[in-house]
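Notes for the one structure printed next.
The values are calculated or read from the model by the stated rules, or taken from the named source; none is laboratory data. Keep in mind that this is a model prediction, so the values were computed, not measured. Here the Cβ positions follow ideal geometry from the backbone for every residue, glycine too, while neighbour counts run over all protein chains shown. Surface accessibility is based on the protein's heavy atoms, side chains included, excluding ligands, DNA and RNA. Shrake-Rupley method; radii C 1.70, N 1.55, O 1.52, S 1.80 Å.
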Amino acid sequence: MKEVVLQKFAEVYGDTEGAQVYFAPGRVNMIGEHTDYNGGHVFPCALTIGTYGAARKRQDRKLRFYSMNFEHLGVLESSLDALRPDPQADWTNYPKGVIWAFGEKGMEVPVGMDILLNGNIPNGSGLSSSASVEVLTGFILRDLFGFEVSNQDLALIGQYSENHFNGVNCGIMDQFAIAMGKEGHAIFLDTADLSYEYAPIRLENAKIVIACSNKKRGLGDSKYNERRSECETALAELQKECHINSLGELSGEEFEKARGSIESETRRRRAKHAVYENQRTIQAVQALKNNDVAAFGQLMNASHVSLRDDYEVTGIELDTLVEEAWKVEGVIGSRMTGAGFGGCTVSIVKDEAIDAFTARVGAAYRDKVGYAADFYVVEIGDGPRRL
Ligand code: GLA
């Protein structure tokens with residue numbers, strides 16, 4: 001891939017003088033969905049697929065961007081003096097946002113850059129291609145300009161730029177999973193204080209399979225922000241009765257006692273999801289430590305039911321993929337992953353069942369939804385690096 005990226009870099013920008021090549025992964029969340037902005041736990045892992053990028057410094061203040069995933073857009077130009085979100089700037093709003101965020105944190109990027117990206121995360125799949133671009137950009141800035149930031153800082157800066165430059169009120173999970181990824185491990189992260197632990201994922205005779213619904217998120221971002229504010233209102237209502245800083249601090253039992261103080265039935269269901277999903281995530285990691293992959297799978301399934309019925313972020317596409325998966329023998333667990341409203345599902349599938357899984361779920365999906373889903377057997381990989 002390094003050669004492919006450098007060759008294109010030379011074609012687009014004339015030569016490769018001074019260019020370095022980098023990689024940042026995508027991520028999949030195993031369990032702990034819509035808990036990261038509620039002070040709860042998440043359990044994502046970085047993937048071996050992700051975003052490759054070549055970059056070099058320029059003498060002037062110009063920024064030039066090219067993506068091999070959006071070749072029709074050609075070279076998109078900007079400048080260090082024009083770091084504002086701009087619909088015309090398309091995907092380059094992500095790297096521009098990170099350059100802007102470094103400036104906001106007192107790390108002014110001194111000169112412009114030529115950047116070329118090539119990602120192998122399916123676009124709009126919900127495997128965090130945008131967070132991957134953000135962390136990659138931060139990594140490039142650190143490497144080219146020597147800024148003193150840790151990988152955890154790269155995650156926080158990526159989230160900051162997504163919140164304040166791109167207008168999506170996302171939590172820390174995606175950027176953290178990508179910046180801190182470790183081969184063969186998922187990250188058990190407490191989003192209340194960013195303490196974390198790596199947990200080995202040992203799936204003897206089984207694999208992680210992603211099913212991509214090919215439904216683009218579209219309205220998803222505004223729905224995402226809506227869920228977030230519903231949780232904030234529910235928390236404020238609960239705080240009249242309990243001394244808590246986040247929904248993640250409540251056990252199921254404590255929630256049941258206090259739930260009456262939430263005035264709307266919808267918000268009660270949203271908060272219920274956040275509380276119980278956090279508990280499920282803690283239990284799931286424990287199950288894994290006990291080598292009880294079957295229990296882990298059951299918790300994944302329960303997570304999906306809660307996201308479907310209480311949090312209402314699934315839709316016919318994700319529900320079909322998951323409900324059909326549950327019918328296939330050899331599927332240990334299956335759920336939607338990421339923000340929802342489209343995107344993809346994650347399943348743990350026994351090796352001998354993978355062919356039947358993709359055939360049966362794929363056919364049922366096409367029948368019901370009218371177009372094809374895509375399937376990927378994925379591996380858990382490391383965080384960002386220079387190649
Ligand atoms: C998106 C956000 C994350 C997280 C998930 C839902 O991926 O970027 O911060 O909230 O949705 O778990």
Worksheet entry | Per residue accessible area of the chain, 1.4 Å probe, in Å² | 40
Worksheet item: Considering amide H positions built from the backbone, and no H for Pro or chain starts, which residues 5 or more places from N214, or on another chain, come under 5 Å of its amide H?
Response: G343, D374
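Ranking request for peptides 147-155, 267-275: highest mean number of other beta-carbon atoms within 10 Å first, then the rest in descending order.
Ranked by mean Cβ neighbours within 10 Å, highest first: 267-275, 147-155.
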Response to the item:
Scalar couplings 3J(HN,Hα) for segment 9-20 by Karplus 6.51 cos²θ - 1.76 cosθ + 1.60 (θ = phi - 60°), nearest whole Hz, x for Gly and Pro, are 4, 5, 5, 7, 10, x, 7, 10, 3, x, 7, 10
Worksheet, complete the sentence: Spelling it out for S79: with amide H atoms placed in the peptide plane at 1.01 Å from N, the residues 5 or more places away or on another chain with amide H under 5 Å from its amide H are L63
Worksheet entry | Over 21 Å between alpha carbons, listed pairs K223/K272; K207/K272; K289/K327 | K207/K272; K289/K327
Response to the item:
For segment 144-244, shape from the Cα gyration tensor axes a ≥ b ≥ c, cut at a/c of 1.5 then a/b versus b/c, turns out rounded
Fill in: Share of carbon and sulfur in the accessible heavy-atom surface of segment 281-341 [1.4 Å probe, %]
48
Discussion item. At 1.4 Å probe size, with the rest of the protein present, what percent of the exposed accessible area of segment 2-191 is carbon and sulfur atoms?
Written reply: 44
Discussion item. Please list, ordered by chain and number, the residues whose modelled amide H lies under 5 Å from the amide H of G50; skip anything fewer than 5 residues away on the same chain.
Written reply: G26, N120, I121
Worksheet item: Rounded if a/c is under 1.5, else prolate if a/b is larger than b/c, else oblate: which is segment 2-191, with a ≥ b ≥ c the root eigenvalues of its Cα gyration tensor?
Response: prolate
Discussion item. Sequence gap at least 6, Cα distance under 8 Å: using those rules, report the relative contact order of segment 2-191 to the nearest whole percent.
Written reply: 29
Fill in: Relative contact order of segment 219-338, defined on C-alpha pairs under 8 angstrom at six or more residues apart (%)
21
Fill in: Shape of segment 13-72, Cα gyration tensor, a/c cut at 1.5
prolate
Item to complete: Relative to the longest principal axis of the C-alpha atoms of the chain, give the angle of the C-alpha long axis of helix 293-309, reported between 0 and 90° and rounded to the nearest 10°.
Response: 90
Worksheet item: Which value, in debye to the nearest 20, gives the size of the charge dipole of the chain about its Cα centre, when Lys and Arg are +1 and Asp and Glu are -1 at the Cβ?
Response: 340
